[in-house]
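To keep things clear, I will list the structure first and then write my remarks on it.
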């Protein structure tokens, strides 16, 4: 009888040890994982995506176009922008990865964006009713940019190059505050033979912004 009791105690002890180790394995999340976040932001208003074109012999040298009919277009004289609100990233967070997805509708032979992707280098970006896409409209380009120069698919969401450094420049501004707005600007390089078109919010295909960031431990 005593031997059976001893075996039962040993078995119970083993179960407790194994359970404890299993708990530690499941809940042992390192600091890096605990401080890592990711989120998808979408254009949420009809005036948060628009295109701007340059035109000579015009008082302003540019024109802004917004609406269902004004697709997001890249061409030698066309650039466009998209704005995202409530960017829930704190000041000086470390941006690990960032890119956009846009719904491509360019016809065959006209699906090759050749542009630079900037952000509006301000603390809280305004929409495109107030300011157009180009610097001559009043936008302030970040020093960092990503070059987008490739043929993209048709009739589906396509992914831009990484813009982590571009986003980083904005959220590292002294007066950047969590839940401010951020505008991404697709500025044509102006080369003939290169163009691309993407659907807008009004057509039911809002641009998406994917960001992964890390909170630094202090």
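For segment 109-127, give me each residue that is touching a helix residue (DSSP H, G or I) at 6+ places or on another chain (Cβ under 9 Å), outside any loop (DSSP other than H, G, I, E, B) and surrounded by 24 or more Cβ atoms within 10 Å (Cβ to Cβ).
Correct list: 118, 119, 120.
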Are any residues in segment 192-218 modelled with pLDDT under 95 and loosely packed, with under 15 Cβ neighbours inside 10 Å, and if so, which ones? 192, 193, 216, 217, 218
Restricted to segment 129-148, and to residues that are under 18 Å from the mean Cα position of the chain (by Cα) and within 18 Å of residue 197 (Cα to Cα), which residue is surrounded by the fewest Cβ atoms within 10 Å (Cβ to Cβ)? 147
Here is a list of conditions, (1) at pLDDT below 95; (2) part of a loop (DSSP other than H, G, I, E, B), and residue 136 meets all of them except one; can you say which number that is? (2)
I'd like to know if segment 79-101 contains one or more residues that are out of contact with any helix residue (DSSP H, G or I) (no Cβ under 6 Å at 6 or more places or on another chain), touching a residue at least 12 places away in the same chain (Cβ under 8 Å) and more than 26 Å from residue 211 (Cβ to Cβ). no
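Taking segment 170-193, which residues are farther than 17 Å from residue 158 by Cα and touching a strand residue (DSSP E or B) at 6+ places or on another chain (Cβ under 8 Å)?
170, 171, 178, 179, 180, 181, 182, 183, 187, 188, 189, 191
The values are calculated or read from the model by the stated rules, or taken from the named source; none is laboratory data. Everything numeric here is computed off the predicted structure, so don't read it as measured data. Positions of Cβ are generated from backbone atoms using ideal geometry, with glycine treated the same way; all protein chains shown enter the neighbour counts.
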